[in-house]
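Novice: First the structure, which I've put down as structure tokens, then a few questions once you've had a look.
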Amino acid sequence: MAAQNGKDLLVKVDMNGSGLFETIAGLRATRVSFNAESVDVTSLESQGGWRELLSGAGVKSASISGSGVFKDEGTDERARQLFFDGETPDFQVIIPDFGIVEGAFQVTGIEYAGSHSGEATYEMSLASAGALTFTAL
């Protein structure tokens with residue numbers, strides 16, 4: 001696989017609950033992470049004293065974070081409203097030459113910043129709020 005362009009990693013939000021996904025505009029940097037807690041089942045009978053983990057157990061989660069500049073009133077307003085209403089709509093994360101991850105996320109943080117002689121910026125964080133699906137590209 002060839003190197004991928006970072007700007008092709010996109011985060012999209014369902015704008016109205018009907019599957020109309022729009023890219024969250026103005027993002028300059030995006031990070032997606034997947035996590036799975038392990039369940040330790042090591043006992044005195046574990047071979048050689050090595051730790052054993054229970055396959056398929058534990059809580060799985062995903063988080064998305066991004067930062068950027070204001071470019072689009074619609075997606076900014078949608079993200080802000082999701083935060084204040086505590087809703088968990090579907091989001092899509094397009095990972096170039098890999099696939100699309102889709103599922104419910106909650107906006108867990110939004111930060112706004114700006115300097116006197118610079119552009120207004122924002123940072124946002126999202127946490128998975130249910131099962132996610134993966135579709136290979």
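The values are calculated or read from the model by the stated rules, or taken from the named source; none is laboratory data. From a predicted model like this one, the values you see are computed outputs, not experimental measurements. All Cβ positions, even for glycine, are placed from backbone atoms using ideal geometry, and neighbour counts span all protein chains on display.
Novice: Could you list, ordered by first residue, the pairs with Cβ atoms under 6 Å in which the first is in segment 1-13 and in a strand (DSSP E or B) and the second is surrounded by 10 or more Cβ atoms within 10 Å (Cβ to Cβ) and of a type in the set (Ser, Thr, Tyr), at least 6 apart or interchain?
Specialist: Short answer, once both residue conditions are applied: Leu10/Thr23; Val11/Thr30; Lys12/Thr23.
Novice: Can I ask one more? When the residues of segment 96-109 are narrowed to those that are more than 11 Å from the chain's Cα centre (by Cα) and part of a strand (DSSP E or B), which ends up farthest from Val11 (Cα to Cα)?
Specialist: Pass one, segment 96-109, residues more than 11 Å from the chain's Cα centre (by Cα): 96-100, 109.
From the residues that got through so far, the ones that are part of a strand (DSSP E or B) too are 99-100, 109.
Numbers: Gly99: 12, Ile100: 10, Gly109: 15 Å.
The extreme case among them is Gly109.
Novice: Would you pick out the residues in segment 19-39 that are acidic (Asp, Glu) and surrounded by fewer than 13 Cβ atoms within 10 Å (Cβ to Cβ)?
Specialist: Glu37
Novice: If I filter segment 40-54 for residues that are surrounded by 12 or more Cβ atoms within 10 Å (Cβ to Cβ), farther than 15 Å from Leu10 by Cα and aromatic (Phe, Trp, Tyr), do I get at least one hit?
Specialist: Within segment 40-54, none of the residues are surrounded by 12 or more Cβ atoms within 10 Å (Cβ to Cβ), farther than 15 Å from Leu10 by Cα and aromatic (Phe, Trp, Tyr).
Novice: Every residue in segment 55-75 that is surrounded by fewer than 13 Cβ atoms within 10 Å (Cβ to Cβ) and either acidic (Asp, Glu) or touching a Lys or Arg at 6+ places or on another chain (Cβ under 8 Å) (or both), please.
Specialist: Result: Glu73, single match.
Novice: Also, quick follow-up: For Phe83, all conditions in the list (1) touching a strand residue (DSSP E or B) at 6+ places or on another chain (Cβ under 6 Å); (2) closer than 18 Å to Thr135 by Cα; (3) among the aromatic types (Phe, Trp, Tyr) hold save one; what is the number of the exception?
Specialist: The failed condition is (2).
Novice: OK, next. When you scan segment 15-30, do you find a residue that is of a type in the set (Val, Ile, Thr) and either outside any loop (DSSP other than H, G, I, E, B) or over 21 Å from the mean Cα position of the chain (by Cα) (or both), even just one?
Specialist: Residues of segment 15-30 that are of a type in the set (Val, Ile, Thr), as a first pass: 23-24, 30.
Now drop any that are not either outside any loop (DSSP other than H, G, I, E, B) or over 21 Å from the mean Cα position of the chain (by Cα) (or both), which leaves 23, 30.
Taking every residue of segment 15-30 in turn, at least one turns out to be of a type in the set (Val, Ile, Thr) and either outside any loop (DSSP other than H, G, I, E, B) or over 21 Å from the mean Cα position of the chain (by Cα) (or both).
Novice: Of the residues Gly130, Gly118, Gly103, which single one is loosely packed, with under 12 Cβ neighbours inside 10 Å and at pLDDT 95 or above? Spell out the reasoning first.
Specialist: Details: Gly118 fails: at pLDDT 95 or above; Gly103 fails: loosely packed, with under 12 Cβ neighbours inside 10 Å.
Result: Gly130 is the single residue among Gly130, Gly118, Gly103 that is loosely packed, with under 12 Cβ neighbours inside 10 Å and at pLDDT 95 or above.
Novice: For segment 64-91, which residues satisfy the criterion of being touching a residue at least 12 places away in the same chain (Cβ under 8 Å) and part of a helix (DSSP H, G or I)? Break it down into steps so the answer makes sense when it comes.
Specialist: The first filter runs over segment 64-91 and keeps only residues touching a residue at least 12 places away in the same chain (Cβ under 8 Å), leaving 64-72, 74-76, 78-80, 82-83, 86-91.
Once the filter is applied, which keeps residues that are touching a residue at least 12 places away in the same chain (Cβ under 8 Å) and part of a helix (DSSP H, G or I), segment 64-91 yields Gly74, Thr75, Asp76, Arg78, Ala79, Arg80, Leu82, Phe83.
Novice: Turning to a different aspect of this structure: What is the residue count in segment 22-63 for residues that are modelled with pLDDT under 95, of a type in the set (A, V, I, L, M) and closer than 21 Å to Glu123 by Cα?
Specialist: Adding up the residues that qualify gives 5.
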